[in-house]
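S.K.: Here you go, one structure.
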Ligand SMILES: [Zn+2]
């Protein structure tokens with residue numbers, strides 16, 4: 001028996017009225033028709049699927065686009081807000097630094113003025129030291145060391161946080177302040193006080209005619225005229241190193257102060273202290289007299305720095321005239 005093929009040649013009889021016609025469907029024709037049918041079927045299914053589900057996809061896509069653009073808009077707005085805040089913070093930081101600088105300028109101005117006053121105030125001391133061959137700057141350095149001044153406290157990360165210019169300025173102002181402190185220390189320690197309540201110079205410091213021999217001689221202190229028994233005051237805090245009758249000086253007191261400075265009080269009628277006594281400025285060391293090599297009642301007063309006599313009158317004047325001393 002002959003096996004049936006899928007697209008076996010087929011004969012079809014078509015009756016139209018009384019006429020019968022025969023149609024022959026060969027295998028290729030059948031394959032073509034079947035292929036056309038499959039193509040039509042596939043197109044129909046696809047179109048229906050697109051019709052039923054396609055809109056949904058489009059809607060989803062449009063929705064996603066809308067969401068994304070909304071997100072984009074929100075992000076753009078947030079970014080703008082952040083930028084505005086950043087600009088605000090920057091402006092604030094700037095204005096804080098400006099304020100710091102303004103305050104610092106004001107402080108610098110005040111400190112500089114004070115420093116100028118202090119320097120001016122010590123000008124007489126400085127000059128008298130120079131006349132005796134001493135350096136005021138060296139004394140100043142010594143005073144500075146005596147104070148044991150530390151540096152300004154700036155935490156490790158502080159300098160990094162700070163504007164470099166600002167940090168520099170703070171350093172400069174601090175140095176000035178530190179100098180001012182040293183001047184204030186000098187003001188405390190130098191013998192700037194008055195040894196008598198009323199100052200009347202009867203013989204100046206330096207070369208003069210000796211009242212006994214008539215020859216030119218050095219006068220290593222000043223003579224201050226006052227009646228016998230007038231109290232004599234120590235001119236700065238210190239310790240009594242000598243208190244006795246000493247030939248030419250008569251009844252005599254020597255006081256040691258800070259930084260290698262000494263004061264001497266001579267020709268006293270009476271000594272009121274003893275060796276080793278600690279004195280505060282204004283304490284009485286004795287009374288005016290005419291003992292030793294003296295031609296009348298008066299106080300012979302000396303100031304020595306590193307054993308070199310300096311003009312004591314300049315120190316008295318400094319206290320009297322100094323704006324800041
Ligand atoms: Zn004298």
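S.K.: Does residue 207 count as outside the structural domain of residue 145 (by TED's automatic domain parsing) and within 12 Å of the ligand (Cβ to nearest atom)?
M.R.: So residue 207 does not fit the description; no.
S.K.: Something else: Take residue 193 and tell me if it is more than 16 Å from the ligand (Cβ to nearest atom), assigned to a loop (DSSP other than H, G, I, E, B), within 30 Å of residue 112 (Cβ to Cβ) and in contact with a strand residue (DSSP E or B) (Cβ under 9 Å, 6 or more places away or on another chain). Reasoning before the result, please.
M.R.: Working: more than 16 Å from the ligand (Cβ to nearest atom): yes; assigned to a loop (DSSP other than H, G, I, E, B): yes; within 30 Å of residue 112 (Cβ to Cβ): yes; in contact with a strand residue (DSSP E or B) (Cβ under 9 Å, 6 or more places away or on another chain): yes.
Answer is yes for this residue.
S.K.: Condition test on residue 134, is it surrounded by 11 or more Cβ atoms within 10 Å (Cβ to Cβ) and either outside the structural domain of residue 310 (by TED's automatic domain parsing) or modelled with pLDDT under 85 (or both)?
M.R.: yes
S.K.: Give the residue that is farthest from the chain's Cα centre (by Cα), with candidates limited to residues of the stretch 236-251 that are buried (at least 17 other Cβ atoms within 10 Å of the Cβ) and within 16 Å of the ligand (Cβ to nearest atom).
M.R.: Here is the first cut: in the stretch 236-251, the residues buried (at least 17 other Cβ atoms within 10 Å of the Cβ) are 236-238, 240, 243, 249-251.
Imposing the further condition that a residue be within 16 Å of the ligand (Cβ to nearest atom) reduces the set to 249-251.
Numbers: 249: 53, 250: 56, 251: 54 Å.
Checking each candidate, the answer is 250.
S.K.: Only one of (1) in the same structural domain as residue 301 (by TED's automatic domain parsing); (2) over 25 Å from residue 286 (Cα atoms) is not met by residue 185, so which one is it?
M.R.: Of (1) in the same structural domain as residue 301 (by TED's automatic domain parsing); (2) over 25 Å from residue 286 (Cα atoms), only one is false for residue 185: (1).
S.K.: Scan (1) within 16 Å of the ligand (Cβ to nearest atom); (2) assigned to a strand (DSSP E or B); (3) surrounded by fewer than 15 Cβ atoms within 10 Å (Cβ to Cβ) for the single condition residue 212 breaks and write down its number.
M.R.: That leaves (2) as the condition not met.
S.K.: Follow-up question, since we're still on this one. Identify, by number, the condition in (1) exposed (fewer than 14 other Cβ atoms within 10 Å of the Cβ); (2) outside any loop (DSSP other than H, G, I, E, B); (3) more than 16 Å from the ligand (Cβ to nearest atom); (4) at pLDDT 85 or above that residue 165 doesn't meet.
M.R.: Every listed condition holds for residue 165 apart from (4).
Every residue, every condition in (1) modelled with pLDDT of 90 or more; (2) under 30 Å from residue 207 (Cβ atoms); (3) surrounded by 15 or more Cβ atoms within 10 Å (Cβ to Cβ); (4) out of contact with any strand residue (DSSP E or B) (no Cβ under 6 Å at 6 or more places or on another chain), yes or no:
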position	(1), (2), (3), (4)
122	yes, yes, yes, yes
156	no, no, no, yes
160	no, no, no, yes
173	no, no, yes, yes
180	yes, no, yes, yes
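S.K.: Among the residues of the stretch 285-312, write down those that are outside any loop (DSSP other than H, G, I, E, B) and within 12 Å of the ligand (Cβ to nearest atom).
M.R.: 298, 299, 300, 301, 302, 309, 312, listed by residue number.
S.K.: OK, next. With the condition kept exactly as written, say whether any residue in the stretch 24-45 is loosely packed, with under 10 Cβ neighbours inside 10 Å and outside any helix (DSSP H, G or I).
M.R.: yes
S.K.: Output the number of the condition that residue 231 fails; it satisfies all remaining conditions of (1) touching a helix residue (DSSP H, G or I) at 6+ places or on another chain (Cβ under 9 Å); (2) away from the ligand (no atom under 16 Å from the Cβ).
M.R.: Of the numbered conditions (1) touching a helix residue (DSSP H, G or I) at 6+ places or on another chain (Cβ under 9 Å); (2) away from the ligand (no atom under 16 Å from the Cβ), the odd one out for residue 231 is (1).
S.K.: So, residue 79, is that one part of a helix (DSSP H, G or I), farther than 30 Å from residue 9 by Cα and at pLDDT below 85 or not? Step through it out loud before you land on a result.
M.R.: Working: part of a helix (DSSP H, G or I): yes; farther than 30 Å from residue 9 by Cα: yes; at pLDDT below 85: no.
No.
The values are calculated or read from the model by the stated rules, or taken from the named source; none is laboratory data. Since this is a predicted model, take the numbers as computed values, not measurements. Please note: Cβ atoms are built from the backbone with ideal geometry, for glycine as well, and neighbour counts cover all protein chains shown.
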